[in-house]
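Peer 1: Below you will find the structure I want to go over with you.
The values are calculated or read from the model by the stated rules, or taken from the named source; none is laboratory data. Everything numeric here is computed off the predicted structure, so don't read it as measured data. We place every Cβ from the backbone using ideal geometry, glycine too, and count neighbours over all the protein chains shown.
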Amino acid sequence: MKVILRQDVDELGLEGTIVTVKEGYGRNYLIPKGFALLANTGNIKLIESQKKKIEANRLKAKEDAEKVARELEAMVITIAQKVGEEDKLYGSVTSMDIADEIEKKGMSIDRKKIVLDKPIKTLGEFEVKIKLHSQVVATVKVAVVPGA
């Protein structure tokens, strides 16, 4: 099944491109969620007429993401956690904790964009990647310190 993407979809493609997907994926997920349109002649003509607008939006989104990335990379996020023996945390630091700390500093980041392979469970400094755009990834320093 061929569909036209209405927005960037990770692992699939960029907005405005025509991609081939499995029938169930297109019909049950991409089209109902508004991520794609069925690639018929009318929709293809519609997207072709909007190509310049799509390209301008993509360029602006990338520039905005680069600006946010510079601000994030200048930050050091400090998170205080309760500590047990051998400097192991009683809980863990998750992407939600990091997003909350970033928000306290005046920026709003979707926690789904924070890339943590596994939760942080020890004290120390860690570099956490935040995927702001398909081509822009920021690295934030997260310091986990003992606290109340």
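Peer 1: Evaluate the following for ILE44: is it under 22 Å from the mean Cα position of the chain (by Cα) and either part of a strand (DSSP E or B) or surrounded by 11 or more Cβ atoms within 10 Å (Cβ to Cβ) (or both)?
Peer 2: Spelling it out, it is not the case that ILE44 is under 22 Å from the mean Cα position of the chain (by Cα) and either part of a strand (DSSP E or B) or surrounded by 11 or more Cβ atoms within 10 Å (Cβ to Cβ) (or both).
Peer 1: If GLY84 satisfies all but one of (1) over 22 Å from ASP10 (Cβ atoms); (2) out of contact with any Phe, Trp or Tyr (no Cβ under 6 Å at 6 or more places or on another chain), what's the number of the condition it fails?
Peer 2: Only one criterion is unmet by GLY84, namely (2).
Peer 1: What are the residue pairs meeting all of these: first residue in the stretch 6-31, first residue closer than 23 Å to GLN135 by Cα, second residue loosely packed, with under 13 Cβ neighbours inside 10 Å and modelled with pLDDT of 90 or more, Cβ atoms under 7 Å, and 6 or more apart or on different chains?
Peer 2: Taking only residues 6 or more apart or on different chains, the pairs are ARG6/GLY34.
Peer 1: Cβ-Cβ distance below 7 Å, separation of 6 or more or different chains: which pairs start in the stretch 59-85 with a residue that is under 18 Å from SER95 (Cα atoms) and end on one that is assigned to a loop (DSSP other than H, G, I, E, B) and among the basic types (Lys, Arg)?
Peer 2: MET75/LYS105
Peer 1: If you scan the stretch 1-11, which residues turn out to be surrounded by 15 or more Cβ atoms within 10 Å (Cβ to Cβ) and modelled with pLDDT of 90 or more?
Peer 2: MET1, VAL3, ILE4, LEU5
Peer 1: Still on this model: Looking at (1) closer than 15 Å to ILE77 by Cα; (2) surrounded by fewer than 16 Cβ atoms within 10 Å (Cβ to Cβ), which is the only condition GLN135 fails?
Peer 2: Going through (1) closer than 15 Å to ILE77 by Cα; (2) surrounded by fewer than 16 Cβ atoms within 10 Å (Cβ to Cβ) one by one, GLN135 breaks only (1).
Peer 1: Working only within the stretch 101-139, note down all residues that are within 16 Å of the chain's Cα centre (by Cα) and hydrophobic (A, V, I, L, M, F, W, C).
Peer 2: Passing the criteria: ILE102, MET107, ILE109, ILE114, VAL115, LEU116, VAL128, ILE130, LEU132, VAL136, VAL137, ALA138.
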